[in-house]
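Written below as structure tokens is the structure these notes are about.
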Amino acid sequence: MCGRYSNVKDLNQLGLEFGAQLRAGVGEPAPNLDVRPTTPVPFLQGRLGDDGVVRRELSVGRWGMIPTFAKAFESKFATFNARSEDVSDKPTFRNSVPRWRAAIPAASYAEWKKSGPKRTDPKQRYEIAPEDGGTIAFAGLYAPWRNAAVEDESHRDAWLLSCTILTMPAPPLGSGHPALARLGALHDRLPIPLAAGTIDAWLDPRDKDGLGLLDLVRGEAYDVAADWALRPVELVKDEDGRQRLETVENPVV
């Protein structure tokens, strides 16, 4: 699963990096080394223009899916991740698979590994990030929710957006690649990364074969993750509130 990740770039930087236009009126989430569910996060979507060309658009939405049929823009369930194996069977997510696919940029993400089976056993945070310092684009879904408090449907606040990160089984423990073997030993789930050459196909709103695209991105995920490195870290805040991730020299696990 992916319950924390980091985003260290502002919207303009992400727009330039991914060749995306900024959605009109979006708020600016502050760079954050500890992004948590329910907070606003940037994500990419595909926008079909009047000229018939699909362009990447950078939007901002709640991390934690709120389906279109929800009575309020809130959820008592954990919807920040969605299992790709059965996502089309879940009412919260299934309408988004063929229609509203997203790419969620992250500098890194975090997992915790416990030193033992007891609840009180200490656990160590690990940062997972590309070795080359690049940005991960996680495969995700999004949904627009109609805000009835705004009468004019064309108003920018009439629709509220939310998103989720798709996951899949982690690489097997017997994987011959060192990075993949470490990922498999760290957690049994993997947030699905998109290969750079597949982002446009994944975001294309004209392609309604969401399950076929899921098969495509799952088939490429381990190759992308093979370039990731794991680092035991501690999240530290300075006196002025600034965050940093410090490498732990003697991790508990």
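Within the stretch 12-30, being more than 15 Å from I104 (Cβ to Cβ) and touching a residue at least 12 places away in the same chain (Cβ under 8 Å) holds for G19, Q21, L22, A24, G25, G27, E28. Filtered by the rule that a residue be loosely packed, with under 13 Cβ neighbours inside 10 Å and touching a Lys or Arg at 6+ places or on another chain (Cβ under 7 Å), the stretch 1-20 gives a lone residue, G19.
Remark: T167 falls outside the filter, which requires a residue to be free of Cβ contacts under 8 Å to residues at least 24 places away in the same chain and of a type in the set (V, I, T).
The residue list L230, L216 contains one member that is of a type in the set (A, V, I, L, M, F, W, C), in contact with a helix residue (DSSP H, G or I) (Cβ under 6 Å, 6 or more places away or on another chain) and either closer than 26 Å to P172 by Cα or touching a residue at least 24 places away in the same chain (Cβ under 8 Å) (or both), which is L230. For the stretch 205-223, a residue qualifies if it is within 14 Å of A102 (Cα to Cα) and either modelled with pLDDT under 95 or crowded, with 17+ Cβ neighbours inside 10 Å (or both), and the qualifying residues are G210, L213, L214, V217.
State which residue is surrounded by the fewest Cβ atoms within 10 Å (Cβ to Cβ) when the search covers only the stretch 236-253 and only residues that are touching a strand residue (DSSP E or B) at 6+ places or on another chain (Cβ under 8 Å) and of a type in the set (D, E, K, R). Only one residue tops the list, namely D238.
Would you be able to say whether some residue in the stretch 54-77 is out of contact with any helix residue (DSSP H, G or I) (no Cβ under 7 Å at 6 or more places or on another chain), of a type in the set (S, T, N, Q) and closer than 24 Å to L183 by Cβ? No, the stretch 54-77 contains no residue that is out of contact with any helix residue (DSSP H, G or I) (no Cβ under 7 Å at 6 or more places or on another chain), of a type in the set (S, T, N, Q) and closer than 24 Å to L183 by Cβ. Only one entry in L33, L58 is under 30 Å from R206 (Cβ atoms), of a type in the set (A, V, I, L, M, F, W, C) and at pLDDT 95 or above, namely L58.
Listed by first and then second residue, the pairs with beta-carbon distance under 6 Å, at least 6 apart or on different chains, first residue in the stretch 91-119 and more than 27 Å from L160 (Cβ to Cβ), second surrounded by fewer than 17 Cβ atoms within 10 Å (Cβ to Cβ), are W112/K123; K113/V253; K114/D121; K114/K123; S115/D121; S115/P122; S115/V252; S115/V253.
Of these, L194, L180, which one is under 24 Å from A20 (Cα atoms) and either in contact (Cβ under 8 Å) with a residue 24 or more places away in the chain or surrounded by fewer than 15 Cβ atoms within 10 Å (Cβ to Cβ) (or both)? On inspection, the qualifying residue turns out to be L194. Within the stretch 95-149, the residues that satisfy the criterion of being modelled with pLDDT under 95 and of a type in the set (A, V, I, L, M) are A148, A149.
Residue-by-condition table, conditions (1) part of a strand (DSSP E or B); (2) in contact with a His (Cβ under 6 Å, 6 or more places away or on another chain); (3) free of Cβ contacts under 8 Å to residues at least 60 places away in the same chain:
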{"position": "G3", "(1), (2), (3)": "no, no, no"}
{"position": "L33", "(1), (2), (3)": "yes, no, no"}
{"position": "F43", "(1), (2), (3)": "yes, no, no"}
{"position": "E57", "(1), (2), (3)": "yes, no, yes"}
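Residues in the stretch 46-55 that are surrounded by fewer than 22 Cβ atoms within 10 Å (Cβ to Cβ) and touching a residue at least 24 places away in the same chain (Cβ under 8 Å): R47, L48, V54, R55. Which of (1) in contact with a helix residue (DSSP H, G or I) (Cβ under 7 Å, 6 or more places away or on another chain); (2) within 30 Å of F69 (Cα to Cα) is the odd one out, the single condition L173 does not satisfy? For L173, the exception is condition (2). With a requirement of 1 or more residues that are of a type in the set (D, E), the helices (runs of 4 or more DSSP H) lying completely within the stretch 160-253 that satisfy it span 199-203, 210-225.
The values are calculated or read from the model by the stated rules, or taken from the named source; none is laboratory data. Please read all numbers here as calculations on a predicted model, not as lab measurements. Glycine also receives a Cβ, built like all others from the backbone with ideal geometry; neighbour counts cover every protein chain displayed.
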